[in-house]
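Single-structure report; data block below.
The values are calculated or read from the model by the stated rules, or taken from the named source; none is laboratory data. These numbers were taken from a predicted model, which means no experiment stands behind them. Cβ: placed from backbone, ideal geometry, glycine included. Neighbour counts: every protein chain shown. Each accessible area value is taken on the protein alone, full model and side chains, heavy atoms only, with ligands, DNA and RNA left out. Shrake-Rupley method; radii C 1.70, N 1.55, O 1.52, S 1.80 Å.
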Amino acid sequence: MLIIFGLRVFYRTIAQGTFHCRRCGGDRQYRHRAGRRWFTLFFIPAIPLNSVGEHVQCATCRTRYVVDVLQLPTTAQMQAALPAGMRAAVSAMLRSGDPSSPVSRQRAIEAVIASGVPNYDDVMLHADLVQSSDAIRPALGQVGAQLTIQAREWYLAEVIRIAMADGPLTETERQAAQAIGADLGMTQAQVVGVVAMTEQSAGRD
Ligand SMILES: [Zn+2]
């Protein structure tokens, strides 16, 4: 009798989920797979041999990636991080000044609406303002990690204009700008630059 034997790699799925596929250019389903070489008898896996590593495969285009690809945010996560970060930043800034100032509140609501929360209003702002500042800081870190340096500066300038809506920046508002900038991943010098630039441009109009 002829015995047919061989070696073959079999993959099993160890996890599934959604990731950002660069090839597809969007959020797709993935399979996280681990491979193992098997000794086969009559094409049936008989003896497990060495493991041959893991990969992440796009369920749509079948492209295989190294597992690190799962560290990258999905488009949906990016889109959620922007408004979450803006809500955190505006409430941190309002608290450092006069949170009851109607012009500052209005400016804050407009900034959050522009960042992607069309139904944001004074009631939601109030709910954000009563949260502890420790609870909102991770949202700033998350958005900062995803933004380019220029985008962080734009973001911070937006927040500084909220503080300036009811008058020149106070010392505590400057400190809040430093803290928000630091949470966004900016250096102290970068924050000082953005504050100066925002104050200058406000003086012109
Ligand atoms: Zn794909």
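Here are the numbers:
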{"item": "Candidates S104, S96, S100, filtered to the one that is open to solvent by 70 Å² or more (accessible area, probe 1.4 Å) and at pLDDT 90 or above", "result": "S100"}
{"item": "Leading residue by the ranking (most open to solvent (accessible area, probe 1.4 Å)) among those in the range 35-67 that are away from the ligand (no atom under 14 Å from the Cβ) and hydroxyl-bearing (S, T, Y)", "result": "S51"}
{"item": "Pick from the range 70-83, criterion modelled with pLDDT under 90, part of a helix (DSSP H, G or I) and of a type outside the set (S, T, N, Q), ranking: farthest from R161 (Cα to Cα)", "result": "A76"}
{"item": "Residue that is open to solvent by 70 Å² or more (accessible area, probe 1.4 Å) and either without any contact (Cβ under 8 Å) to a residue 60 or more places away in the chain or among the hydroxyl-bearing types (S, T, Y) (or both), where the choices are L70, L7", "result": "L7"}
{"item": "Set E153, E199, E158: member being among the charged types (D, E, K, R), in a helix (DSSP H, G or I), in contact with a helix residue (DSSP H, G or I) (Cβ under 8 Å, 6 or more places away or on another chain) and open to solvent by less than 40 Å² (accessible area, probe 1.4 Å)", "result": "E158"}
{"item": "Residue among V123, V112 that is in a helix (DSSP H, G or I) and open to solvent by 80 Å² or more (accessible area, probe 1.4 Å)", "result": "V123"}
{"item": "Selected residue [farther than 30 Å from R12 by Cα, more than 16 Å from the ligand (Cβ to nearest atom), touching a Leu at 6+ places or on another chain (Cβ under 7 Å) and in contact (Cβ under 8 Å) with a residue 40 or more places away in the chain] from G97, G116, G144", "result": "G144"}
